[in-house]
Amino acid sequence: MAKLGFGEKLRRLFGLARYDENFFEDLTDSLIEGDLGTKQAYAVVEELRAACAQKRLSTEQELRAELKSILLKDACGIDLSPEKSGLSFYLVLGVNGVGKTTSIAKLGRLYAEKLGKERVILAAADTFRAAAIEQLEIHGQRLGLRVVRHQSSSDPGAVVYDAIEAAKASGAAIVLADTAGRLHNKAHLVKELEKIDKIAGSKLAAGRYKKILVLDSTTGQNGLRQAEVFKEAVGLDAVIMSKYDSSARGGLAFALMRELGIPTAYVCVGEGYQDIRPFDPQSYVDEFLGGS
């Protein structure tokens, strides 16, 4: 027998037509399973329980609508479309293996469609791994985008500096910078990111420098811990949820907003360059709840 997906489990739970104490306990367990996090799951269910008593909700449709309303409070999106005039710089962060470099390529294609290929520059600032530089170069070649790179093990801050200078000289609109993500050496990583952050912050106009974290949607609460590390190091403006497919339960986006105040900008739904979409709170909550 095929294993039930998270959304299907929620649909079945709501379809039992018994909204007693057992239902609320099972719902709490389900939301925790859906990567909402224990603390937030209990808070959401308590809010739903109170609303049911106060509003005398009793049908599946009423309870689902109320739960959706509660979750929407923490389903916050942000528009990261770069301005057509002036230069924007997006520092893209994330641990190794989350799909960071591929997400940069997807952003590059998306922005190139709006601005023109000649106005998008990719910066290979993950100089710790030669493979990361090569991977970004391959994406750049396939997409027809310029890639600024140095040799492996060179100073990532110098790559960022040169990419920004190249962008200003050529009239580019956006630089997307790849970065290292080796959390096993946290102190070194933080020092490296702080240096990049200082360089970028000094060369960009206010509001044109954004720090974006890529998180693997399937990692659950571990993603929340990653976000805490990067937020503490350089601050974060937004998150991109990668690998958001049938195996991703989706609760991480709500936890990021409620616990860390970080909105979600994009969701990656496949391997192709076109498989990225702006985060839409309504549809995201619907998918999380297994459809409305």
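The values are calculated or read from the model by the stated rules, or taken from the named source; none is laboratory data. Nothing here was measured: the structure is a model prediction, and the numbers come from that model. Cβ sites come from the backbone with ideal geometry, for glycine too, and all protein chains shown count toward neighbours. Protein only, heavy atoms only, side chains kept; ligands, DNA and RNA dropped before computing areas. Shrake-Rupley method; radii C 1.70, N 1.55, O 1.52, S 1.80 Å.
Quick one: would you say ALA65 is open to solvent by less than 40 Å² (accessible area, probe 1.4 Å), among the hydrophobic types (A, V, I, L, M, F, W, C) and assigned to a helix (DSSP H, G or I)?
Details: open to solvent by less than 40 Å² (accessible area, probe 1.4 Å): no; among the hydrophobic types (A, V, I, L, M, F, W, C): yes; assigned to a helix (DSSP H, G or I): yes.
No.
Sort out which residues of the range 90-126 are part of a strand (DSSP E or B) and under 19 Å from GLY223 (Cβ atoms), and write them in order of number.
Those that are part of a strand (DSSP E or B) and under 19 Å from GLY223 (Cβ atoms): LEU91, VAL92, LEU93.
Filtering the range 233-242 down to residues that are modelled with pLDDT of 90 or more and not β-branched (Val, Ile, Thr), which residue is nearest to the chain's Cα centre (by Cα)?
MET241
Quick check on my filter: what residues within the range 129-143 are farther than 18 Å from GLY116 by Cβ and either open to solvent by 30 Å² or more (accessible area, probe 1.4 Å) or touching a Leu at 6+ places or on another chain (Cβ under 9 Å) (or both)?
Of all residues in the range 129-143, those farther than 18 Å from GLY116 by Cβ come to 129-138.
Within the range 129-143, ARG129, ALA130, ALA131, GLU134, GLN135, LEU136, GLU137, ILE138 meet the criteria.
Given the criteria touching a residue at least 40 places away in the same chain (Cβ under 8 Å), under 30 Å from PHE6 (Cα atoms), out of contact with any Cys (no Cβ under 8 Å at 6 or more places or on another chain) and not hydrophobic (A, V, I, L, M, F, W, C), does GLY220 qualify? Walk me through it before giving the result.
On the way: touching a residue at least 40 places away in the same chain (Cβ under 8 Å): yes; under 30 Å from PHE6 (Cα atoms): yes; out of contact with any Cys (no Cβ under 8 Å at 6 or more places or on another chain): yes; not hydrophobic (A, V, I, L, M, F, W, C): yes.
For GLY220, the condition - touching a residue at least 40 places away in the same chain (Cβ under 8 Å), under 30 Å from PHE6 (Cα atoms), out of contact with any Cys (no Cβ under 8 Å at 6 or more places or on another chain) and not hydrophobic (A, V, I, L, M, F, W, C) - is met.
Residue check: is LYS106 at negative phi, open to solvent by less than 20 Å² (accessible area, probe 1.4 Å) and touching a Cys at 6+ places or on another chain (Cβ under 7 Å)?
Numbers: at negative phi: yes; open to solvent by less than 20 Å² (accessible area, probe 1.4 Å): yes; touching a Cys at 6+ places or on another chain (Cβ under 7 Å): yes.
For LYS106, the condition - at negative phi, open to solvent by less than 20 Å² (accessible area, probe 1.4 Å) and touching a Cys at 6+ places or on another chain (Cβ under 7 Å) - is met.
In the range 127-143, what residues are in a loop (DSSP other than H, G, I, E, B) and over 15 Å from GLY94 (Cβ atoms)? Before the answer, list the steps.
We begin by selecting, within the range 127-143, every residue in a loop (DSSP other than H, G, I, E, B); these are 127-129.
Once the filter is applied, which keeps residues that are in a loop (DSSP other than H, G, I, E, B) and over 15 Å from GLY94 (Cβ atoms), the range 127-143 yields only THR127.
Can you confirm whether MET241 is in contact with a Cys (Cβ under 6 Å, 6 or more places away or on another chain) and hydrophobic (A, V, I, L, M, F, W, C)?
no
Taking LYS3 and the conditions (1) at pLDDT below 95; (2) charged (D, E, K, R); (3) part of a helix (DSSP H, G or I); (4) more than 26 Å from the chain's Cα centre (by Cα), which numbered condition does it fall short on, given that it satisfies the others?
Of (1) at pLDDT below 95; (2) charged (D, E, K, R); (3) part of a helix (DSSP H, G or I); (4) more than 26 Å from the chain's Cα centre (by Cα), only one is false for LYS3: (3).
Given the options VAL160, VAL214, VAL190, VAL175, name the one that is of a type in the set (Val, Ile, Thr), in contact with a Lys or Arg (Cβ under 7 Å, 6 or more places away or on another chain) and under 16 Å from LEU93 (Cβ atoms). Steps first, answer last, please.
Numbers: VAL160 fails: in contact with a Lys or Arg (Cβ under 7 Å, 6 or more places away or on another chain); VAL190 fails: in contact with a Lys or Arg (Cβ under 7 Å, 6 or more places away or on another chain); VAL175 fails: in contact with a Lys or Arg (Cβ under 7 Å, 6 or more places away or on another chain).
Among VAL160, VAL214, VAL190, VAL175, only VAL214 is of a type in the set (Val, Ile, Thr), in contact with a Lys or Arg (Cβ under 7 Å, 6 or more places away or on another chain) and under 16 Å from LEU93 (Cβ atoms).
Can SER88 be described as within 24 Å of the chain's Cα centre (by Cα) and more than 30 Å from VAL234 (Cβ to Cβ)?
Values: within 24 Å of the chain's Cα centre (by Cα): yes; more than 30 Å from VAL234 (Cβ to Cβ): no.
So SER88 fails the test.
Need pairs with beta-carbon distance below 8 Å; first residue in a loop (DSSP other than H, G, I, E, B) and within the range 8-25, second open to solvent by 50 Å² or more (accessible area, probe 1.4 Å); sequence gap 6+ or separate chains.
From the range 8-25, the pairs are GLY15/GLU60; ALA17/GLU60; TYR19/SER58.
Quick check on the range 29-37. Is at least one of its residues part of a helix (DSSP H, G or I), at pLDDT below 90 and within 30 Å of ALA227 (Cα to Cα)? Break it down stepwise before answering.
Let us first name the residues in the range 29-37 that are part of a helix (DSSP H, G or I), namely 29-33.
From the residues that got through so far, the ones that are at pLDDT below 90 too are 33.
When the remaining residues are screened for being within 30 Å of ALA227 (Cα to Cα), the result is 33.
Checked the range 29-37: at least one residue is part of a helix (DSSP H, G or I), at pLDDT below 90 and within 30 Å of ALA227 (Cα to Cα).
For THR101, are the conditions met, namely being touching a His at 6+ places or on another chain (Cβ under 8 Å), surrounded by 13 or more Cβ atoms within 10 Å (Cβ to Cβ) and not charged (D, E, K, R)? Give the steps one after another, and end with the answer.
Details: touching a His at 6+ places or on another chain (Cβ under 8 Å): yes; surrounded by 13 or more Cβ atoms within 10 Å (Cβ to Cβ): yes; not charged (D, E, K, R): yes.
Yes; evaluated as a whole, the condition is true for this residue.
Of these, LEU48, LEU13, LEU87, which one is over 19 Å from GLY223 (Cβ atoms), surrounded by fewer than 20 Cβ atoms within 10 Å (Cβ to Cβ) and not hydroxyl-bearing (Ser, Thr, Tyr)?
Only one candidate passes the filter, namely LEU13.
Hey, any hits in the range 262-273 for a residue that's over 27 Å from GLN40 (Cβ atoms), assigned to a loop (DSSP other than H, G, I, E, B), at pLDDT 95 or above and open to solvent by 40 Å² or more (accessible area, probe 1.4 Å)?
Yes: one or more hits.
Is it fair to say ALA255 is more than 24 Å from GLU192 (Cβ to Cβ) and in contact with an Asp or Glu (Cβ under 8 Å, 6 or more places away or on another chain)?
Yes; evaluated as a whole, the condition is true for this residue.
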